[in-house]
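The values are calculated or read from the model by the stated rules, or taken from the named source; none is laboratory data. What you are looking at is a predicted structure, and each value in this text was computed from that prediction instead of being measured. Positions of Cβ are backbone-derived with ideal geometry, glycine not excepted, and every protein chain shown enters the neighbour counts. The protein model used for the area step is the full one, side chains on, heavy atoms only, and it has no ligands, DNA or RNA in it. Shrake-Rupley method; radii C 1.70, N 1.55, O 1.52, S 1.80 Å.
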Amino acid sequence: MDVVFDYEDIQLIPAKCIVDSRSECDTSVKLGKHTFRLPVVPANMQTIIDEKIAIQLAEGGYFYIMHRFDPASRPAFIRDMHSRGLIASISVGVKEDEYGFVEQLAADSLIPDYITIDIAHGHSNAVIRMIQHIKKHLPESFVIAGNVGTPEAVRELENAGADATKVGIGPGKVCITKIKTGFGTGGWQLAAVRWCAKAASKPIIADGGIRTHGDIAKSVRFGASMVMIGSLFAGHEESPGQTVERDGEQFKEYFGSASEFQKGEKKNVEGKKMYVEYKGPLQDTLTEMEQDLQSSISYSGGKSLDAIRTVDYAIVKNSIFNGDKVY
Ligand SMILES: NC(=O)C1=CN([C@@H]2O[C@H](COP(=O)(O)OP(=O)(O)OC[C@H]3O[C@@H](n4cnc5c(N)ncnc54)[C@H](OP(=O)(O)O)[C@@H]3O)[C@@H](O)[C@H]2O)C=CC1
Ligand SMILES: Nc1nc2c(ncn2[C@@H]2O[C@H](COP(=O)(O)O)[C@@H](O)[C@H]2O)c(=O)[nH]1
């Protein structure tokens, strides 16, 4: 890898505008057989998504991935989404029970449209075996595999049959992998996305470290087809995390999938819990994200996401924000 940088080190360089209004810019993206309104998916974490939010997102034309932390509810979830005419997008792990689960779905003709293999260290034989197992029993399902942080990993998972790979080891807001293990893409996640995307022959999902809406455009510039976001989606009215009040202000909990709060034990903890300010309705954030991304597209001199993929950029090491915040 030649240059190392992260989101805050990059500014995209504007090209001549070809639209009269930002509303002409199209933020939609195709992943597998379906087209979605935004190249954004809320993280498949228990404080970010539940069944109600999955329905809201799917009905609104947004991509979603249900988490895997209530495993027994998954068949009913798939049935319910399909009975509503909506896509069914679930997560699996790699432990022994999950093999039987996949076989049972096939036996019951319950075919998820998307299956995400969600483990911390995705460059592993365990994930390769699970990709092959899913492809054998549920060949119609679109398989997203992760998480990884290197081109070798992307190639191996693609060769095993993954339809997309998810990039990001440790850049997440509630992640402590980098501190506990010394490994990961934290601090250079955007460069890792670029490195992996260059090797990829299928879509890349950039996962973790997105702190502003502008980071979505930057991810697209460096090769992501989609981005997965946790913290920016935490704290909404609909978010499943517990609400607490402090000094008259409302906060909602956001915890890591490898935190002791998720695991119920202190073994191999690589995540923490935080409280984020209450943000109001989820739809307001989705709408603002879409408007901001439409604006990004207009600055890129095009009308669709593709225009962002080729814009020039400047590396401005640690100097963009100077402490600036949106609010
Ligand atoms: N994107 C990221 O940076 C990270 C995300 N996470 C999230 O936390 C959740 C839990 O992840 P995970 O612990 O993988 O899931 P699981 O607890 O389901 O573990 C999956 C399996 O992989 C094994 N395993 C886990 N980590 C490693 C490793 N580093 N080396 C070898 N084997 C390993 C586990 O065994 P054993 O426990 O005995 O080792 C277990 O058999 C997921 O939702 C994941 O996305 C967690 C950390 C980093
Ligand atoms: N190292 C850990 N990473 C985790 C954990 N739980 C989730 N995650 C990852 O974070 C992103 C979300 O990142 P954000 O910056 O947008 O908040 C999520 O999609 C997972 O990949 C964890 O416990 N440890």
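Scanning segment 186-212 for residues that are free of Cβ contacts under 8 Å to residues at least 60 places away in the same chain, away from ligand 1 (no atom under 15 Å from the Cβ) and closer than 17 Å to G256 by Cα gives no hits.
Just so you know, in segment 304-327 the residues that are modelled with pLDDT of 95 or more and not hydrophobic (A, V, I, L, M, F, W, C) include one that is nearest to E24 (Cα to Cα), and it is S304. Residues in segment 142-159 that are touching a Cys at 6+ places or on another chain (Cβ under 8 Å) and either within 11 Å of ligand 1 (Cβ to nearest atom) or in a strand (DSSP E or B) (or both): V148, G149. Note on segment 182-215: residues that are near ligand 2 (Cβ under 9 Å from one of its atoms) and open to solvent by 20 Å² or more (accessible area, probe 1.4 Å) amount to 4.
Can you give me the ranges of the strands (runs of 3 or more DSSP E) entirely in segment 1-117 with at least 3 residues that are touching an Asp or Glu at 6+ places or on another chain (Cβ under 7 Å) and within 16 Å of ligand 2 (Cβ to nearest atom)? Please lay out each step first, then the result.
Details: elements: 10-12, 29-31, 34-36, 40-42, 89-92.
Per the criteria, 89-92.
For segment 139-162, the count of residues that are within 14 Å of ligand 2 (Cβ to nearest atom) and among the polar types (S, T, N, Q) is at least one.
Working only within segment 13-28, note down all residues that are in contact with a Ser or Thr (Cβ under 7 Å, 6 or more places away or on another chain) and surrounded by fewer than 20 Cβ atoms within 10 Å (Cβ to Cβ). The answer is A15, C17, V19, R22, D26, S28.
Test E152 against the stated conditions and say whether it is surrounded by fewer than 17 Cβ atoms within 10 Å (Cβ to Cβ) and within 30 Å of A107 (Cα to Cα). Let's see the steps before the verdict.
On the way: surrounded by fewer than 17 Cβ atoms within 10 Å (Cβ to Cβ): yes; within 30 Å of A107 (Cα to Cα): no.
Against the criterion (surrounded by fewer than 17 Cβ atoms within 10 Å (Cβ to Cβ) and within 30 Å of A107 (Cα to Cα)), E152 does not qualify.
Would you be able to tell me the number of residues in segment 233-263 that are within 16 Å of ligand 1 (Cβ to nearest atom) and open to solvent by less than 70 Å² (accessible area, probe 1.4 Å)? The total comes to 11.
Before we move on, is S225 among the hydroxyl-bearing types (S, T, Y) and surrounded by 19 or more Cβ atoms within 10 Å (Cβ to Cβ)? Here the answer is yes, as S225 does meet what is asked.
Pairing residues of segment 250-277 that are under 19 Å from L232 (Cα atoms) with residues that are away from ligand 1 (no atom under 14 Å from the Cβ) and basic (K, R), at Cβ distances under 9 Å and at least 6 apart in sequence or on separate chains, gives K252/K279; Y275/R246; Y275/K252; V276/K252; E277/K252. Please verify whether Y64 is touching a residue at least 60 places away in the same chain (Cβ under 8 Å), within 20 Å of T165 (Cβ to Cβ) and touching a helix residue (DSSP H, G or I) at 6+ places or on another chain (Cβ under 6 Å), treating the condition exactly as stated. Judged against the criteria, Y64 is not a match. Number of residues in segment 225-273 that are part of a loop (DSSP other than H, G, I, E, B) and over 21 Å from I117 (Cα atoms) equals 15. Pairing residues of segment 144-171 that are over 25 Å from G271 (Cα atoms) with residues that are within 15 Å of ligand 1 (Cβ to nearest atom) and basic (K, R), at Cβ distances under 9 Å and at least 6 apart in sequence or on separate chains, gives A160/R129.
Here segment 298-317 is the region considered, the condition is being of a type in the set (A, V, I, L, M) and surrounded by fewer than 15 Cβ atoms within 10 Å (Cβ to Cβ), and the residue that is nearest to V19 (Cα to Cα) is A314.
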